[in-house]
1. Zone of residue A:17 (label point 7 Å along Cα→Cβ, backbone N under 17 Å): which residues in the range A:157-196?
2. Treat each spin label as a single point 7 Å out from the Cα along the C-beta direction, and report the residue A:181 to residue B:162 distance in nm.
3. What is the packing order of peptides A:115-126, B:130-141, taking the mean over residues of other C-beta atoms within 10 Å and listing the highest first?
4. Does the range B:1-95 classify as rounded, prolate or oblate by the C-alpha gyration tensor (a ≥ b ≥ c root eigenvalues; a/c under 1.5 gives rounded; else a/b over b/c gives prolate, otherwise oblate)?
5. Going highest first, how would you order A:179-188, A:59-68 by mean Cβ packing within 10 Å?
6. Take every Cα-Cα distance within the range A:24-109, group them into 5 Å bins from 0 onward, and report for each bin the whole-number percent of pairs it holds.
7. Per residue of B:96-106, how many C-beta atoms from partner chains lie within 10 Å of its own C-beta, taken as a mean?
8. Treating the angle as unsigned and between 0 and 90°, give the value, to the nearest 10°, between the Cα long axis of helix B:171-194 and the longest Cα principal axis of chain B.
């Protein structure tokens with residue numbers, strides 16, 4: 001049972017802290033910092049399902065987030081839907097798209113798949129930049145009235161914050177649930193040796209397509225929430241290639257294949273990036289530092305920070321997964 | 001015409017892939033470095049930019065060997081994810097430094113050759129010179145690979161690294177040089193592009209993506225096929241431009257890319273054997 005696992009309660013504790021901290025001080029700046037961390041955790045946890053669990057590198061993960069944002073914003077602004085239904089519809093829509101893509105693209109293996117995901121990202125970016133109902137390359141804006149159902153723009157910011165935290169907790173719980181399920185074991189088998197897994201009766205293509213689609217759902221919901229909060233969207237913000245890659249850096253930093261590790265990497269990297277970007281002297285160099293960091297992690301600590309924790313506190317291996 | 005330059009960029013990617021099974025994600029930043037190398041040297045000497053290609057290729061070779069030692073050597077033989085990530089890390093660092101030095105504003109190499117007009121079509125001198133340079137470099141590479149001892153060694157290592165080592169070939173040196181040549185081709189194609197279009201430090205990314213498309217069309221690890229596929233892509237771009245808006249081109253290119261990947265994972269020039 002998932003309730004017996006310490007990592008489950010750790011996740012809930014994390015979510016509770018995220019909710020309590022800005023609420024206590026009513027601090028909007030802190031809330032904005034934390035929402036970025038939460039989004040990073042959502043993206044990285046779901047990316048982890050592909051890279052860490054299944055061993056397939058998805059360079060275009062951000063496409064789910066951006067597409068979710070577009071669908072959500074379109075439903076709210078042009079169709080007058082309420083936020084929750086728009087966000088859920090965005091998630092379902094993007095997951096179905098991913099399933100279709102996945103069934104085709106996931107017949108490819110290894111590096112070919114990685115390249116195809118780059119192709120999907122660029123193709124979707126180009127499509128959205130030319131798609132009339134979504135405002136082509138100028139994107140879409142939300143009028144102020146769109147925030148009325150949530151009690152005005154001020155309250156809407158807090159409501160979306162709580163929703164994003166909820167999605168964050170769900171992402172981590174989803175990762176935990178998949179990790180110990182039969183389905184999850186099938187994914188690990190594919191990661192270790194796909195041919196052997198197929199021989200043992202795992203339908204690898206279906207497994208991969210399902211996890212690809214699952215890993216699209218929550219990022220799409222988060223995208224819809226975030227772009228609703230920001231009130232605007234355009235193709236270059238929604239489909240930022242760099243952000244997609246930074247997700248991989250965060251995952252490697254924390255420890256791929258582990259739930260808490262992925263969240264830890266996301267939180268650390270996101271805070272580090274915010275710090276570097278706000279330092280006038282260092283802001284130009286944040287890419288250099290991120291690149292250097294990634295290189296060091298890949299060369300010397302390919303299992304990420306979580307491995308150090310395991311080494312120094314051996315007991316933590318049983319508790320933190 | 002532009003196609004030959006795409007082809008050249010893709011040849012570098014294809015060579016590295018073929019020899020060491022590494023998808024070189026530093027490619028884009030190296031193309032951008034080629035552009036800026038050309039710009040800086042052109043500004044310093046104001047000579048003929050096409051004469052500057054040679055030193056740029058030489059720099060590329062050295063830079064490539066450096067990058068090989070820094071990021072690729074240690075992850076060979078480990079999972080593909082590792083080399084993807086380590087080359088990407090170098091890419092990020094180079095782009096970061098480039099952004100800090102030159103910001104992301106556009107530059108251009110101010111140099112024009114007289115064009116030729118045949119019937120209704122006008123070819124600018126720069127396009128012709130760039131295409132010819134690309135073809136010459138491609139031809140030299142082919143001669144190098146098939147007519148010299150070093151080229152033979154590179155092909156041997158590509159075929160079977162263990163067997164090549166047993167024959168007394170130092171595979172590390174060969175890999176380093178092959179990587180250097182791949183990077184030199186990237187810098188060279190960047191330098192050629194810089195004489196055709198304005199560029200920024202980030203433009204390398206676009207050409208890297210085009211190189212992926214070209215390499216996949218040709219089948220990974222086939223340098224000459226890459227050149228042909230590059231020309232094909234250039235022709236395709238030219239052929240569809242009159243009919244649809246330019247902004248749709250990436251969709252067509254990458255749609256084609258994904259479809260070809262799925263239908264012909266070994267490239268349209270590849271053999272059908274598994």
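Each reported figure results from applying straightforward, stated rules to the coordinates on display, with no laboratory input. As the structure is a computational prediction, the values presented were derived from the model and not from experiment. Cβ: placed from backbone, ideal geometry, glycine included. Neighbour counts: every protein chain shown.
1. Answer for the range A:157-196: A:165-166, A:168-170, A:172-173.
2. Using points 7 Å along Cα→Cβ, the separation is 4.1 nm.
3. Details: A:115-126: 23.7, B:130-141: 18.8.
Put in order of decreasing packing, that is A:115-126, B:130-141.
4. In terms of gyration-tensor shape, prolate.
5. Ranking the peptides A:179-188, A:59-68 by packing returns A:59-68, A:179-188.
6. Each 5 Å bin holds this share of Cα pairs: 3, 12, 16, 20, 18, 15, 9, 5, 2, 1, 0.
7. Averaged over the peptide's residues, the number is 3.
8. Tilt relative to chain B: about 10 degrees.
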